[in-house]
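Written out below as structure tokens is the structure these notes cover.
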Amino acid sequence: MTPSPLPKRINTPLFCLAISLATIAVYWQMAGHQFINFDDPTYLTENPHVRAGLSWNGLLWATTTAHASNWHPLTWLSHMADWQFFGMEAGRHHMVSLFFHLLNTILLFLFLNKATGRSGPSGFVSSLFALHPLHVESVAWAAERKDILSTFFLLLILLAYLSQVRKPRPAQYILICLLFICGLMSKPMLVTLPFLLLLLDIWPLNRVSLAQHSTKILKDFKPLLKEKLPLFFLAALSSLITMVVQSQSGAVKPLEMIPMSQRLSNALLSYVVYLKKAFWPTDLAIFYPYPDKIPVWQSIAAFLLLTAVSFLVLGQVKKRPFLAVGWFWYLGLLVPVIGLVQVGTQAMADRYTYVPLIGLFIMIAWGMTEISNNRSVPIWGATFATLACFGLLTWKQVSYWQDSVHLFSHALKVTHSNPTAHNYLAKALADQGRTEEAEKQYREALQISPNYSEALANLGVILAGQGKSDQALLYFSRALSFDRNNPKIFNNIGNIYKSRGDYSTALLQYEKAVAESPESIETLFNLANTLEKLDRFQEAIDFYQKTIDLSPDMPEAYNGLGVALARDGQLQKAIPHFNKAVKLRPDYRQAQENLDLARTTVGIDR
């Protein structure tokens, strides 16, 4: 008996239910996962604007501030909404991300199905998208909400564009532009959208036939380019904003640090490694260190492979345009993050493939459909076997994201010479009180990268906690020589001098830290506390109040404000702040004692 080909039509509601249940089964374990210590503090747990929830001040901050080296206000608002409803319950934040991933899966299926009329291969593409292990990073990492949120708007754009092509309307085009703005305000990687739409004009929309003379093809392309000029303008504007923001934040690495030749080699190799991981998704890690050197033969081999595939798909473009569209979807959508403009220190990242892999999935699904029409290969068996394998691998990969210790321990197992993984594993171990293990990891990070300022500073914190303050100061000083304006290092130095009772020297360090990071809650509190120790009460009161404005649920700040007010002779005003501290933390003994003493002094009964 010959095997059945992939069906042209499948039941849409039944498919959406089935793929949703399968995806939930694979990802549901995230409900019990924690936040991780890499980027999540910047985006969520230590961000006072996000922790304040939705507010007009939060909206103003999100739209006017380039925090975390990016301008993506809608992403910030989505995090604020999560915090408004869920607070520190990390699992619920993760469930919102899973919800968007499910929406993206269904929207992708609806677009491909409507555009091609082939629900079988459309369903296979959507299933690969839902269950592929490379997508775990975008879904399981709370700080990567920007990936799935921007993709949500991208897929809405594709559905709106399909409607516009079939029945042009000005209102529909305006909607496309508005959705594009929303996508760019979620993550600027969407700048490649106009080029993607041109690819879709070739297939599956068939607005340009490539089976004709080149002059005619160019003539047909002109109106398609013209209609997309507003989108090109928005993409250019977003690119300019992104470059300015990332350059000002210091996120963009200069050519002196990573030469263009090295960037090109890494880009070529990354394209090939992503391809390999698309078909054989093992040894996935949260961070892939940038290689010190890439052998010339690897760069040449990667270039030849990419060029060969490009020529092959172009040679088939008249008969099988889906191959060229899928291939250049993959190549083109990776351009903003392939490393020619290097942001950060990673060589590549799984999250970058969230949308580009769709192109490869299209090539696979429609290629398998064509093969299955020959009724000579067991397509159904291969399809379900592939999805089952990917589902199991994804389930396993999701499990590594349960906390920072598991995540970075896994990263160290599957990568080599990874100081970043050592550093963040050490931070996680230190947070668990496993300081000896943490110190070992920091020293391993520094053995690989002796000038790694963050590891130097973090090791200094460990040493300070062990009472080795002189050694700690040496490490902090060395860290500052590589990262001169790091506010956390200034704060840590201030902590040592404050512990020694040298409040004047500590104050100078805290002031440097606040100058570099005016919204650091920890540093503002330390500065206020030090000013109070120096009897500069009014200044201390002002900084305690700034701390409370940024972190209204911090009992230590209310107690500190009460102490400063009391010592300044404003005991009556101090009582509500002591009371607030106790309400926030009923077992806060010091605040309770201060409250009792203040009430007794002013003659107020408990």
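Only the coordinates and a few stated rules stand behind these numbers; no lab work does. Just so it is clear, the model here is predicted, and its values are computed rather than measured. Reconstructed Cβ throughout: ideal geometry from the backbone, glycine too, with neighbour counts over all protein chains shown.
Roughly how many Å is it from the Cα centre of segment 445-481 to that of segment 62-86, as a whole number?
That distance is 32 Å.
Any chance you could give the angle, 0 to 90 degrees and rounded to 10, that helix 571-584 forms with the longest Cα principal axis of the chain?
The answer is roughly 40 degrees.
Taking the dipole about the Cα centre of the chain, with the C-beta of Lys and Arg at +1 and of Asp and Glu at -1, give me whichever of T215, F180, L360 is farthest to the positive side.
Farthest towards the positive pole: T215.
Taking square-rooted eigenvalues a ≥ b ≥ c of the alpha carbon gyration tensor, is the chain rounded, prolate or oblate, where a/c under 1.5 means rounded and, failing that, a/b exceeding b/c means prolate?
prolate
Return V244, V208 ranked ascending by Cβ neighbour count within 10 Å, so the fewest neighbours appear first.
Listing V244, V208 from fewest to most nearby Cβ atoms yields V244, V208.
Working from Cα positions, state the angle (0 to 90°, nearest 10) between the long axis of helix 357-372 and the longest principal axis of the chain.
It is inclined by approximately 30 degrees.
Could you check the spin-label model distance between R500 and A211? Points 7 Å from the Cα along Cα→Cβ, value in nm.
8.2
Would you please classify the overall shape of segment 271-411 from the alpha carbon gyration tensor, given that a ≥ b ≥ c denote the square roots of the eigenvalues, rounded means a/c under 1.5, and beyond that prolate means a/b larger than b/c while oblate covers the rest?
It is oblate, given that a/c is not under 1.5 and a/b is not larger than b/c.
Can you put V26, V313 in order, fewest other beta carbons within 10 Å first?
Going from least to most buried by this count: V313, V26.
To the nearest 20 debye, what is the magnitude of the charge dipole of segment 424-476 about its Cα centre, counting +1 on the Cβ of each Lys and Arg and -1 on the Cβ of each Asp and Glu?
With only Lys, Arg, Asp and Glu charged at Cβ, the dipole is about 20 debye.
K293 versus L60, label points 7 Å from Cα toward the beta carbon: distance in nm?
Computed distance between label sites K293 and L60 equals 5.5 nm.
Taking the Cα centre of segment 12-404 as origin and charging only Cβ (+1 Lys, Arg; -1 Asp, Glu), how large is the dipole, in debye to the nearest 20?
Using only the charged Cβ atoms, the result is roughly 1560 debye.
If the reach is capped at under 23 angstrom between alpha carbons, list the lysines near K488, excluding any in the same chain fewer than eight residues apart.
K253, K427, K440, K468, K498, K512, K533, K546
Which one of I496, V414, L524 is farthest out on the positive end of the charge dipole of the chain, using unit charges on Cβ (Lys, Arg +1; Asp, Glu -1) and the Cα centre as origin?
The residue sitting most towards the positive pole is V414.
Give the lysines reachable from K146 as a straight Cα distance under 21 Å; neighbours fewer than 8 places away on the same chain don't count.
In chain and number order, the partners are K187.
Per-residue ellipticity at 222 nm for the chain, helices alone: DSSP H runs ≥ 4 residues times -39500 (n - 2.57), over residue total, nearest 500 deg cm²/dmol?
-22500 deg cm²/dmol
For a Förster distance of 45 Å, can you work out the FRET efficiency between the beta-carbons of V244 and R166, rounded to the nearest 0.05?
FRET efficiency, V244 to R166: 0.70.
Name the shape class, rounded, prolate or oblate, that the alpha-carbon gyration tensor gives for segment 510-587, where a ≥ b ≥ c are the square roots of its eigenvalues, rounded holds for a/c under 1.5, and otherwise prolate holds if a/b is larger than b/c and oblate otherwise.
Oblate, because a/c is 1.5 or more while a/b does not exceed b/c.
Give me the number: length gained by fully extending D553 to D535, i.e. 0.36 nm times residue separation minus the C-alpha to C-alpha distance, one decimal in nm.
3.9 nm
For the residue pair A515 and L17, what label-to-label distance in nm results when each label sits 7 Å from Cα along the Cα-to-beta-carbon direction?
Each label point is offset 7 Å from its Cα along the Cβ direction, giving 6.5 nm.
Could the peptides 547-559, 34-46 be put in order, highest first, of the mean number of other beta-carbon atoms found within 10 Å of their residues?
In decreasing order of mean packing, 547-559, 34-46 become 547-559, 34-46.
Just tell me which lysines come within less than 30 Å, Cα to Cα, of K219; anything on the same chain fewer than 8 places away is out.
Partners found: K114, K167, K228, K318, K319.
Order these by the 10 Å Cβ neighbour count, fewest first: T345, T215, T151.
T215, T345, T151
Could you sort the peptides 429-439, 166-176 by per-residue average Cβ neighbour count (10 Å cutoff), highest mean leading?
429-439, 166-176
I need the peptides 452-463, 508-519, 120-131 ranked by packing, meaning the mean over residues of other C-beta atoms within 10 angstrom, with the highest value on top.
Highest to lowest by the protection proxy: 120-131, 452-463, 508-519.
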